[in-house]
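Nothing in this text is a laboratory measurement; each read-out follows from the coordinates by a stated rule. Keep in mind that what you see is a predicted model, and the values were worked out from it rather than measured. Cβ sites come from the backbone with ideal geometry, for glycine too, and all protein chains shown count toward neighbours.
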Amino acid sequence: MGGVRNGDVSFWWHQVGRPSPSDVLVGDTSCDVAIVGGGLTGLWAAFYLHEADPSLDIRVLEAEFAGFGASGRNGGWLSSELAGSASTYAEVAGEAGVDRLRAALRASVDEVIGVADREGIDADIVRSGVLTVARSRAQAERLDGELTAEQVADRIRVAGAVSGHFDPDCARVHPAKLVSGVARVVRDRGVRVHEGTRVTSVEPGRVRTERGTVRAPVVLRCLEGFTAGLAGHRRDWLPMNSALVVTEPLSADQWRAVGWSGEELLGDEAHAYCYAQRTADGRIAMGGRGVPYRFGSRTDDDGRTQRWTVESLRATLTALFPALEGIGLDHAWCGVLGVPRDWSASVSFDPTTGLGHAGGYVGSGLTATNLAGRTLRDLVLGRDTDLTALPWTGHHVRRWEPEPLRWLGVHALYRLYRAADRREDAGLARTSRIARVADRVAGR
Ligand SMILES: Cc1cc2nc3c(=O)[nH]c(=O)nc-3n(C[C@H](O)[C@H](O)[C@H](O)COP(=O)(O)OP(=O)(O)OC[C@H]3O[C@@H](n4cnc5c(N)ncnc54)[C@H](O)[C@@H]3O)c2cc1C
């Protein structure tokens with residue numbers, strides 16, 4: 001991988017400078033609300049709870065620094081994509097409930113942009129929409145897009161694109177700038193963010209950390225892909241891996257060759273899909289699944305990813321844009337997102353124990369964290385609102401299988417999805433049966 005910086009949390013953090021943990025917890029303390037995890041779920045919950053009741057003593061407990069996890073490593077798609085499975089939500093709330101969740105997510109894209117505007121968070125945000133392309137007949141059938149191959153090429157010249165769909169309800173963001181901005185705002189308002197403070201266990205009224213114990217009547221678990229690391233939660237959500245690479249800045253000629261003159265995000269309809277953004281400083285950041293899961297629900301080492309993943313993302317990049325053959329990659333990294341057994345997110349709070357949680361957004365968490373943060377606010381404050389009536393509120397899900405079944409299952413699943421993609425790329429007219437089998441194995 002000569003020349004490709006690997007890990008170092010993410011390119012985004014490398015660009016803005018990796019922060020040192022601050023306000024480390026010193027000894028035992030108490031507060032009104034203890035939030036475990038300083039990603040966007042925890043920070044948005046703190047933001048909205050403080051806004052609703054500034055007298056609350058709110059503490060965020062973060063093992064490394066705010067934004068160390070997926071919130072500071074993601075692809076920067078602030079999208080209205082459903083965080084979870086429509087059919088699962090429909091089982092509890094019908095199609096109307098799914099529509100309400102979709103509408104709430106769409107509104108959340110504007111909510112995030114609005115807060116960023118008001119609070120002076122400069123996160124390279126452009127409400128540019130997202131272009132999804134189909135690169136085979138089977139992908140086209142699934143996507144059912146309104147754009148012809150020519151119309152796709154007018155936006156971005158993706159090799160082999162046969163059709164496309166444009167969704168305007170999506171914004172491009174710089175993840176580290178967004179999460180550090182939200183962290184700055186909550187700190188300025190008086191919320192204490194105790195970084196370098198790893199939580200070891202959570203129980204009603206008490207959070208134990210390596211630095212002391214925090215007593216609080218309300219404890220919110222906001223750990224997403226890191227949940228498995230907490231005592232008693234190993235099989236709750238599977239830490240699914242996703243990885244990105246970022247190119248060196250493209251020359252004007254290279255941008256012309258790929259025909260990507262706008263800021264729209266770009267994705268495809270493969271089962272092992274890719275996602276990309278044009279960064280504010282003129283690079284392409286492209287992500288995909290890579291090695292999906294590490295045995296025993298382990299997470300990564302400071303964002304370092306495998307050589308195989310880097311080469312596979314390089315191959316995807318040049319398959320989409322042959323004109324970029326040989327382009328330098330400056331950075332590669334990975335992170336974990338939380339996948340519940342039914343691939344659907346949940347936001348919960350039990351007023352009798354004071355315990356709550358939110359997450360399991362399955363890769364569509366950037367916007368969902370904001371909606372979840374506002375929903376946690378309403379649940380904690382005992383408000384009955386449109387948000388608390390969304391189908392993901394109080395959603396229960398069974399646990400994942402023990403190892404080695406978990407590892408074998410997830411790896412088999414992604415082998416099946418990749419095999420389905422190969423068949424579809426070879427000319428299959430419809431979604432491969434292999435993918436349908438994989439969906440059934442996955443429980444999607
Ligand atoms: C590579 C990648 C690309 C993605 N791309 C997109 C995208 O483009 N669009 C989109 O919508 N979603 C995307 N996602 C998903 C999205 O980023 C996440 O769903 C979202 O950021 C989750 O936020 P969170 O606050 O719940 O979790 P996180 O941001 O992961 O925060 C959890 C925090 O908990 C901390 N922590 C861990 N263990 C402990 C402990 N024991 N004690 C205290 N703190 C602890 C971690 O350090 C971390 O800061 C992507 C995810 C990944 C990994």
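Ordered by the number of other Cβ atoms lying within 10 Å of each residue's own Cβ, fewest first, Thr227, Thr299 fall into the sequence Thr299, Thr227. Once you reduce the stretch 371-444 and the stretch 84-139 to the center of their Cα atoms, the two points are 16 Å from each other.
Considering only Ala228, Ala372, Ala243, the mean-square fluctuation computed in a Gaussian network model of the chain, springs between alpha carbons under 10 angstrom, is largest for Ala228. For Ile35, the residues 5 or more places off, or on other chains, whose built amide H falls under 5 Å of its own are Arg59, Val60, Leu61, Leu220. At the listed q of 0.06, 0.13, 0.14 Å⁻¹, the Debye profile of the chain, built from one uniform point per Cα, gives log10 I(q)/I(0) equal to -0.23, -1.18, -1.38.
Converting phi to 3J(HN,Hα) with the Karplus coefficients 6.51, -1.76 and 1.60 and the offset θ = phi - 60°, the stretch 284-292 yields 10, 9, 10, x, x, 6, x, 6, x Hz in sequence order, with x at every glycine or proline.
Peptides 266-272, 179-185 ranked from most to least packed, by the mean per-residue count of other Cβ atoms within 10 Å: 179-185, 266-272. Our note on the geometry: Cα centres of the stretch 241-283 and the stretch 304-358, 15 Å apart.
Going from the residue with the fewest nearby Cβ atoms within 10 Å to the one with the most, Trp255, Trp400 rank Trp255, Trp400.
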